Amino acid sequence: MSKKNFNRREFLKRAGFSLAAGAAVYSGAGRPARLFAAGREKEGFATVIDLARCAGCETCVLACRGKNAGRYPEPVEDIPAYWPRKGYEDWSKERERTDRLTPYNWLFVQRVTLQDGGEGRTLNIPRRCMHCVNPPCANLCPFGIIEKTAEGAVVIDHDYCFGGAKCRHVCPWSIPQRQAGTGLYLKIAPQLAGGGVMYKCDFCQDRISEGKVPACVAACPYKALHFGPRGEMLALARQWAAELEGDLYGVEENGGTATYYVSPVAFSLIDGALQANPKSAPLAMTPGLENPLHASTATYLKAMLIAPFAGAAAAGLAVYKQFTAPQEVEQQADKKTGQTKKDTEQGE
Ligand code: SF4
Ligand code: SF4
Ligand code: SF4
């Protein structure tokens, strides 16, 4: 079936399938079969981001924008508001912004100033999707339209995305960004379901499937970004961290990612400085973050309330089956909900 012909009937069929598949995904180890299949094929790729080398020049940001500009959303002129909210997320008038993630900017350089050993220091941190090993965004998406590819990329299918934003809610770093007035929800129930389409870095999946490195990596003039087989990248990251007597981020966080940050400054210090700034707090770098799918239930119950459509039932059933630690869950959910709310405020 052509995506252009995707209609209400096909949508309902797919939603029904998702309901059943959702329960299966959340049972047992809570990991989709496609991830096991991908793991068998190859180890996938990863990136090392060396904060000691990043000069904050934003050449990588420009490369990303140049490569992906043709995929940015073109919303309708009169964007409908959706119930129960009266507003919507529209970034189309701020396409030039490079100081944060938006549907039109999938990579940005976050700057943090902190005190390290009594001295002031500024670090530049390229931020984008971490391409998690077992991505909660993909596992929670009620329509199954976020895929973890064999190469390790976590990719949103923009043609089928409803923009319910549960992926952002469950992402520890609130990475996916929503543009209203575009996508399938306009054809199905524009005032009731979803709210647009979610956008984020896709690891340049087209380039890496052709054996090329991502555009941002190729463009960096300071060799702060490195890309290669996961095992090699992890060894490199560990070696550089040891040479710097520094720190590593992204190896264990969220259950493991395909993005390893190396820093001359401890990530606990970086995280503290980011958390202290309300604008950067949603994109903090908290060491040891757990994958919320392994840690809580209430996060998803709240996600269901936020996204009022078909997938809510699938997520709810699965959550009910899988999790058993309500108190810990409640604390994590409250923390995460606070982050998401801040992120939304930051974006409006
Ligand atoms: S990663 Fe490279 S291109 Fe990007 S800001 Fe840092 S130094 Fe510049
Ligand atoms: S960083 Fe967030 S959006 Fe990216 S794969 Fe991980 S959970 Fe998903
Ligand atoms: S991997 Fe590709 S999509 Fe992701 S930030 Fe780099 S250039 Fe952009």
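Numerical summary
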item: Criterion: more than 22 Å from the chain's Cα centre (by Cα), within 15 Å of ligand 1 (Cβ to nearest atom) and hydroxyl-bearing (Ser, Thr, Tyr) - qualifying residue of TYR260, TYR222; result: TYR222
item: Top-ranked residue of region 46-97 - restricted to ones that are at pLDDT 95 or above and among the basic types (Lys, Arg), ranked as nearest to ligand 1 (Cβ to nearest atom); result: ARG53
item: Matching residues, region 228-253, being within 16 Å of ligand 2 (Cβ to nearest atom) and either among the basic types (Lys, Arg) or surrounded by fewer than 23 Cβ atoms within 10 Å (Cβ to Cβ) (or both); result: ARG230, VAL251, GLU252
item: Residue list for region 84-121, restricted to those being in contact with a strand residue (DSSP E or B) (Cβ under 9 Å, 6 or more places away or on another chain) and small (Gly, Ala, Ser); result: SER92, GLY120
item: Some residue of region 131-140 being crowded, with 20+ Cβ neighbours inside 10 Å, away from ligand 1 (no atom under 16 Å from the Cβ) and of a type in the set (Gly, Ala, Ser); result: yes
item: Residue check for TYR199: of a type in the set (Ser, Thr, Tyr) and closer than 30 Å to ASP78 by Cβ; result: yes
item: Selection count where residues are assigned to a helix (DSSP H, G or I), within 22 Å of the chain's Cα centre (by Cα) and farther than 21 Å from LEU51 by Cβ, scope region 180-219; result: 6
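The values are calculated or read from the model by the stated rules, or taken from the named source; none is laboratory data. On a predicted model such as this, the values are computed, not experimentally measured, just so you know. Quick reminder, even Gly has a Cβ in these numbers, built from the backbone with ideal geometry, and neighbours come from all protein chains shown.
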